[in-house]
Amino acid sequence: MKAMEWLLGSAGGAGGSTGNHSGSGTGAGAGGGARAAAGVAAVGLAAAGALHAVWTVSPWPLATRAEFAAVVVGVDESGLPSTPATLAVAGLLGAGAWLVVTAARPAHRLAPSRLVRTGLWTLSGVLAARGLGGLLVSGLDLRDVPAGFRHWDLALYSPLCIVLGGLTGYLAVRTRPGRRPDLRSGRAG
């Protein structure tokens with residue numbers, strides 16, 4: 001529990017959040033559900049980023065690069081992405097984990113920023129598109145890929161992207177800034 005408190009900040013008290021924790025989603029704060037979603041999403045994104053970094057030097061958990069190319073990427077070995085491209089994906093996944101953690105910490109000065117909010121929605125959209133697109137393409141056999149890739153795309157890769165995209169979208173909705181008052185009428189807009 002201490003690790004999650006450090007990661008997302010405490011629910012109240014010194015160094016904690018000053019936002020709305022009622023879970024209503026109308027304040028700048030992240031409620032308990034949003035904080036849990038952020039924790040799961042941040043760990044998933046960071047783990048995926050670390051795995052991509054490992055893949056720049058090793059085909060782990062598979063034995064050979066050829067097997068890795070067929071099962072993980074769905075191409076032959078000559079079609080594997082370059083090391084810089086794989087590192088870029090690792091970096092983007094790490095940045096996504098940072099966005100999620102930052103958004104869930106309402107006391108953080110960047111939490112309500114347009115950069116973080118746009119980043120969350122972009123991350124959610126990209127992950128959801130990858131997940132839904134993968135289910136569609138692999139499920140309907142629309143692309144000629146090895147059977148091992150198709151299996152893992154349907155069983156793990158696409159569902160994981162959908163879950164991470166959903167958690168990120170949920171966090172974006174639940175941590176949206178409070179509504180600003182309409183200065184002309186004196187009412188909340």
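Yes/no matrix, rows are residues, columns are (1) in contact with a Lys or Arg (Cβ under 7 Å, 6 or more places away or on another chain); (2) of a type in the set (Gly, Ala, Ser); (3) at pLDDT 95 or above:
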residue: 88; (1), (2), (3): no, yes, yes
residue: 99; (1), (2), (3): no, no, no
residue: 103; (1), (2), (3): no, yes, no
residue: 109; (1), (2), (3): no, no, no
residue: 116; (1), (2), (3): no, no, no
residue: 122; (1), (2), (3): no, no, yes
residue: 127; (1), (2), (3): no, no, yes
residue: 130; (1), (2), (3): no, no, yes
residue: 133; (1), (2), (3): no, yes, yes
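Report yes if some residue within segment 107-130 is part of a helix (DSSP H, G or I), farther than 30 Å from residue 33 by Cα, of a type in the set (Val, Ile, Thr) and out of contact with any Pro (no Cβ under 9 Å at 6 or more places or on another chain); otherwise report no.
no
Take residue 119 and tell me if it is without any contact (Cβ under 8 Å) to a residue 40 or more places away in the chain, out of contact with any strand residue (DSSP E or B) (no Cβ under 8 Å at 6 or more places or on another chain) and of a type outside the set (Asp, Glu).
In short, yes.
Here are the criteria: (1) outside any loop (DSSP other than H, G, I, E, B); (2) open to solvent by 30 Å² or more (accessible area, probe 1.4 Å); (3) farther than 25 Å from residue 40 by Cα. Tell me which single one residue 141 does not satisfy.
(1)
The rows are residues; the columns are (1) under 22 Å from the mean Cα position of the chain (by Cα); (2) assigned to a helix (DSSP H, G or I); (3) modelled with pLDDT under 95; (4) over 30 Å from residue 110 (Cβ atoms).
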| residue | (1), (2), (3), (4) |
| --- | --- |
| 15 | no, no, yes, no |
| 25 | yes, no, yes, no |
| 34 | yes, yes, yes, no |
| 40 | yes, yes, no, no |
| 58 | no, no, no, yes |
| 70 | no, yes, no, yes |
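For residues that are open to solvent by 30 Å² or more (accessible area, probe 1.4 Å), in a helix (DSSP H, G or I) and hydrophobic (A, V, I, L, M, F, W, C), tally how many sit in segment 74-98.
Result for segment 74-98: 7.
Filter segment 104-122 down to the residues that are among the hydrophobic types (A, V, I, L, M, F, W, C) and either within 15 Å of residue 43 (Cβ to Cβ) or open to solvent by 40 Å² or more (accessible area, probe 1.4 Å) (or both) and list them by number.
Once the filter is applied, which keeps residues that are among the hydrophobic types (A, V, I, L, M, F, W, C) and either within 15 Å of residue 43 (Cβ to Cβ) or open to solvent by 40 Å² or more (accessible area, probe 1.4 Å) (or both), segment 104-122 yields 104, 107, 110, 115, 121.
Within the bounds of segment 59-73, is there any residue that is open to solvent by 60 Å² or more (accessible area, probe 1.4 Å), polar (S, T, N, Q) and farther than 25 Å from residue 155 by Cα?
For segment 59-73, residues open to solvent by 60 Å² or more (accessible area, probe 1.4 Å), polar (S, T, N, Q) and farther than 25 Å from residue 155 by Cα: absent.
Among the numbered criteria (1) within 19 Å of the chain's Cα centre (by Cα); (2) closer than 25 Å to residue 60 by Cβ, which one does residue 121 miss?
(2)
The values are calculated or read from the model by the stated rules, or taken from the named source; none is laboratory data. Since the model is a prediction, treat every value here as computed from it, not as a measurement. All Cβ positions, glycine included, derive from the backbone under ideal geometry; neighbour counts span all protein chains shown. Heads up: the accessible areas ignore ligands, DNA and RNA and are worked out on the full protein's heavy atoms, side chains in. Shrake-Rupley method; radii C 1.70, N 1.55, O 1.52, S 1.80 Å.
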